[in-house]
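Novice: I'd like to ask some things about the structure below.
Every number in this text was worked out from the coordinates using simple rules, so none of it is lab data. Keep in mind that what you see is a predicted model, and the values were worked out from it rather than measured. Reconstructed Cβ throughout: ideal geometry from the backbone, glycine too, with neighbour counts over all protein chains shown.
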Amino acid sequence: MNREVTLRLALPKIPDIELVAVEGLAHLGRHLGIADEQIGEAKIIVTEAIINAFEHTVGENPVVKVKFVMTKKELVIFVRDYGKGFEPESVEDPNIEDKIGSTRKRGWGLKLMKSLSDGFHIESGNWGTKITITKRLS
């Protein structure tokens, strides 16, 4: 039996709210009998995705929507913001040598999420941004 569980969250912009999503992810994993170590990289991905989404979302009451669909073999993560969007292909990978001498150390999020995932897709436009990330769990 390959049981699937789904969790949907609408996160308000308050400090450390990404921890709610990460804890929910951990609970799903435990429910399906997946070891915490296997969920570890997914937690990093989710944290980065939510922080990035809140950096770029707009409005008086910004919300980031998160959805996890998990089986024993795979996790699919959806993160949706309502910002101004961007052109993903225009984002250059950060260069460590350039970052060392710079005052701007940020900019590693997309590269990190891509490197830790087994599938990574971005859709973005003036309606916001939606990322879909796949992570194998076995």
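Novice: Counting only other residues whose beta carbon sits under 10 Å from that of G119, what net charge do I get with K and R as +1, D and E as -1?
Specialist: Result for the neighbourhood of G119: +1.
Novice: Please order D16, D81 by the number of other Cβ within 10 Å, starting at the fewest.
Specialist: Listed from fewest to most nearby Cβ atoms, that is D16, D81.
Novice: Given R₀ = 35 Å, FRET efficiency for K73-D16 by Cβ-Cβ distance, to 0.05?
Specialist: Given R0 = 35 Å and the Cβ-Cβ separation, E is 0.70.
Novice: Tell me, what is the FRET efficiency for R30 and L112 to the nearest 0.05, using R0 = 25 angstrom and their Cβ-Cβ distance as r?
Specialist: Calculated value: 0.55.
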